[in-house]
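Data block below; observations after.
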Amino acid sequence: MFKIGNIEINGKVVLAPMAGVTSLAYRNFMKPFGVALTVTEMVSDCGLIYDNIKTLDYIKTTEEERPVAIQLFGSSAETICKAMDVVIKHNPNVDIFDINLGCPAPKVTKTGAGSALLKDPKKLEEMFKIICKHSPIPVTAKIRLGWNEETINFKENIKALENAGISAIGLHARTTRAGYAGKPRWDLLVNLRDEMKVPLIVSGDIYTAEDAKKALEITHADAVMVARGGVGNPNLIRQINMLYNKSDEVSSSSIAQSKKYLLEFADMLIKEKGEYGAMMVLRGIAPKFFLSMPDSKKIRNKLASALTTRESLIKILDEI
């Protein structure tokens, strides 16, 4: 257990924000597997300020998923603070604001948001002094190692954020230029938490419980952030927690379990997005429930292209 501000986090796994994935249904589906903190998809500050109805959907949360963080992105303290006010007005039950400083997508960085904000630690500190002072709840930030291999400055940015009053930091062990390619640079993060004043949550290719254990042992971080590794493999969360609780090991999901989990998630997604909207999202997610299944390519291709209704999903699952 550790604390982010006054919020208790009971566990070693944070569910990473993923655009197009970590909607309300996904977070509530994953929570019972042992997620200690859920984080929303990143939400545009300007979308909130101008009352975009679709953007407001991103900040809906449930009591069951708490503690929960709303992840905001923007390029200025002023707009982010205004967005915080909108969130609190519409959803007073949010526990934490997480500010995205890690997104490497050009459409985000070209606006001066996401990981573009990591280029100047001094400006970052000035910006976050305003944000942290304004927020009525703890503020965290997710960062990267730096813009590229020549400008690795995560230690300077950590110090700047700590000076500003941040309550915890998430660190993806790659640079902006690396995106999600190559291997995470754990070699740069040895004993990093020992140098910090606030909790550290690390991420980067956490696909197995052993990956999580290695990342935590190297960095001494308080928790790991599970992203792509957990999509279609919810038992990964249990496996990580069991490893640290020294409990009986959780086996990988059987085909029968994967079918059950997928249908359960599909029904939650239908409730959230409607049948057709849910099936369009599932085209990208459903195949991942069967990645380890022998000779599964044909079934996965169907799941990725032929889903239009819940009935079509059941028909494909019956073929497995």
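The values are calculated or read from the model by the stated rules, or taken from the named source; none is laboratory data. Model, not experiment: these values are computed from the prediction. Virtual Cβ from ideal backbone geometry, glycine too; neighbours counted across all protein chains shown. Surface areas here come from the heavy atoms of the whole protein model, side chains and all, with no ligands, DNA or RNA. Shrake-Rupley method; radii C 1.70, N 1.55, O 1.52, S 1.80 Å.
Among the residues of this structure, residue 166 counts as one that is at pLDDT 95 or above, surrounded by 22 or more Cβ atoms within 10 Å (Cβ to Cβ) and over 30 Å from residue 253 (Cα atoms). Within region 305-319, the set of residues being modelled with pLDDT of 85 or more, touching a helix residue (DSSP H, G or I) at 6+ places or on another chain (Cβ under 8 Å) and either closer than 13 Å to residue 280 by Cβ or not aliphatic (A, V, I, L, M) (or both) comprises 305, 307, 308, 309, 310, 312, 313.
Of the residues 202, 198, the single one that is under 17 Å from the mean Cα position of the chain (by Cα) and either open to solvent by 20 Å² or more (accessible area, probe 1.4 Å) or under 30 Å from residue 131 (Cα atoms) (or both) is 202.
Only one entry of 226, 281 meets the criterion of being open to solvent by less than 30 Å² (accessible area, probe 1.4 Å) and under 21 Å from the mean Cα position of the chain (by Cα), and that entry is 226.
Select from region 16-54 the residues that are basic (Lys, Arg) and touching a helix residue (DSSP H, G or I) at 6+ places or on another chain (Cβ under 8 Å) and list them in ascending order.
Within region 16-54, just 54 meets the criteria.
Checking each residue in region 28-65 for being touching a residue at least 12 places away in the same chain (Cβ under 8 Å) and among the polar types (S, T, N, Q) picks out 28, 38, 40, 44, 55, 61, 62. Give the number of residues within region 15-37 that are of a type in the set (A, V, I, L, M, F, W, C) and touching a Ser or Thr at 6+ places or on another chain (Cβ under 8 Å). Matching residues across region 15-37 total 4. Restricted to helices (runs of 4 or more DSSP H) entirely inside region 260-320, those with at least 3 residues that are under 14 Å from residue 232 (Cα atoms) are 275-285, 297-305. The helices (runs of 4 or more DSSP H) found entirely in region 152-252 that carry 1 or more residues being touching a Cys at 6+ places or on another chain (Cβ under 9 Å) are 154-164.
In region 56-69 there is no residue that is hydroxyl-bearing (Ser, Thr, Tyr), farther than 21 Å from residue 227 by Cα and open to solvent by less than 40 Å² (accessible area, probe 1.4 Å). State which residue is most open to solvent (accessible area, probe 1.4 Å) when the search covers only region 137-151 and only residues that are outside any helix (DSSP H, G or I) and among the polar types (S, T, N, Q). Per the criteria, the residue is 148.
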